[in-house]
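Here is the structure we will look at.
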Amino acid sequence: MPAALAAVSDTPPPGVPAQETGTSRQVSNARAFIEFEKVSVRFGRGDRQVQALAETSLRIDKGDFVALVGPSGCGKSTLLRLVGDLMKPSTGYVYVGGRELGATPIRIGMAYQNPTLLPWLTIRDNVMLPLKIVPPFRGEFLAKRKTEFRDKVEALLDQVGLSGFGDKFPWQLSGGMMQRANLCRALIHEPDLLLLDEPFGALDQFTREELWQIMQELWATKKTTVLLVTHDLREAAFLGNRICVMSARPGRILDDSAVPFARPRTIDMTYEPDFVALNQKLRSLIVEARGGTGIVR
């Protein structure tokens, strides 16, 4: 879990131009919570240098839910690492909360395909772990861990269907139950930004669909800004407000479109003609991005 740990700073008012501030640059548009400004990423040097991400610009409003889809190796997870401050761009700038990333810490939650729960801790203690680490909660942890923080954990576990499982250990839970606990851990410290890297990819279809509905409910309740990487086109259209389709390496955004379906969405909706047509459009874009092989992963 990254050490991005404080409240987001105020953004400049609309119309104020970008400016240098001694340690950071500010974004000109106060509405953009996340902005990639002509960002590119290269790995290696000389003849072995690989262009992973072509020059990319992207804006995401606060509270938005954006899904990234595209061929394997197109840079989807690279964008997550950039916005999570886990790596630096080769060129360009990444802004979060109106300032260049790293200038003002923010709270970030992360969930991956592997739940990465600590096997020696109970589910309750796993979920509570960010409260022990992340300001301002860590300053109150010893005083509140058996009262307010415990209640906070239990309420979140109940919301995802894990009421009564707080005393269990990860090895006593199914894969779907562990991923529910993983989502709770990513959200317990009230993050400003939630980064999801294929968190449902290893689950069976029915468990995955159930977790889509839980994730939709969590987002509707908390309105956290979410950036989701997925290979599942139905998942992208079910969860996202916007879907960005990326090209094969070097990655770039080929299409950025709003999802036209009202919320709350149901699994039955995903089999209706308009939803199927959107998935087919996304698939065609990705097939083209892969060079017309017809194989989508």
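Remarks
- Residues satisfying the stated conditions in the stretch 79-120, i.e. among the hydroxyl-bearing types (Ser, Thr, Tyr) and surrounded by fewer than 21 Cβ atoms within 10 Å (Cβ to Cβ): Ser90, Thr91, Tyr93, Thr104, Tyr112, Thr116
- Among the strands (runs of 3 or more DSSP E) confined to the stretch 44-105, the ones with at least 3 residues that are of a type outside the set (Gly, Ala, Ser) and more than 30 Å from Pro264 (Cβ to Cβ) are located at 50-61, 91-96.
- Which listed residue is under 21 Å from Gly70 (Cα atoms) and either more than 17 Å from the chain's Cα centre (by Cα) or hydroxyl-bearing (Ser, Thr, Tyr) (or both), from Pro264, Pro199, Pro250: Pro250
- When the test is whether a residue is over 20 Å from Leu58 (Cα atoms), without any contact (Cβ under 8 Å) to a residue 12 or more places away in the chain and of a type in the set (Gly, Ala, Ser), Ala262 passes it.
- Phe206, sole failed condition from (1) assigned to a helix (DSSP H, G or I); (2) among the aromatic types (Phe, Trp, Tyr); (3) buried (at least 19 other Cβ atoms within 10 Å of the Cβ): (3)
- For the stretch 121-138, the candidate set comprises residues that are assigned to a helix (DSSP H, G or I) and among the hydrophobic types (A, V, I, L, M, F, W, C); within that set, the residue that is surrounded by the most Cβ atoms within 10 Å (Cβ to Cβ) is Val127.
- Put simply, of Leu121, Leu101 the only residue that is at negative phi, touching a helix residue (DSSP H, G or I) at 6+ places or on another chain (Cβ under 9 Å) and at pLDDT below 95 is Leu101.
- Selection of first residues in the stretch 200-225 that are of a type in the set (Asp, Glu) and of second residues that are surrounded by 17 or more Cβ atoms within 10 Å (Cβ to Cβ) and assigned to a helix (DSSP H, G or I), restricted to Cβ pairs under 8 Å at least 6 apart or on distinct chains, gives the following pairs, ordered by first then second residue: Asp204/Gly176; Glu210/Gly176; Glu217/Gln159.
- Among the residues of the stretch 160-178, those identified as assigned to a helix (DSSP H, G or I) and either at pLDDT 95 or above or touching a helix residue (DSSP H, G or I) at 6+ places or on another chain (Cβ under 6 Å) (or both) are Pro170, Trp171, Gln172, Gly176, Met177, Met178.
- Selection within the stretch 139-180: residues that are under 21 Å from Thr116 (Cα atoms) and touching a Lys or Arg at 6+ places or on another chain (Cβ under 6 Å). The member of this set that is surrounded by the fewest Cβ atoms within 10 Å (Cβ to Cβ) is Gly166.
- Qualifying residue in the stretch 203-210 (condition: among the charged types (D, E, K, R) and within 15 Å of the chain's Cα centre (by Cα)): no
- All positions within the stretch 257-291 that are in a helix (DSSP H, G or I), aliphatic (A, V, I, L, M) and surrounded by 11 or more Cβ atoms within 10 Å (Cβ to Cβ): Met269, Val276, Leu278, Leu282, Leu285, Ile286, Val287, Ala289
- Glu235 falls short of the stated requirement of being acidic (Asp, Glu) and out of contact with any Phe, Trp or Tyr (no Cβ under 7 Å at 6 or more places or on another chain).
The values are calculated or read from the model by the stated rules, or taken from the named source; none is laboratory data. The structure displayed is predicted, hence computed values, not measured ones. Cβ sites come from the backbone with ideal geometry, for glycine too, and all protein chains shown count toward neighbours.
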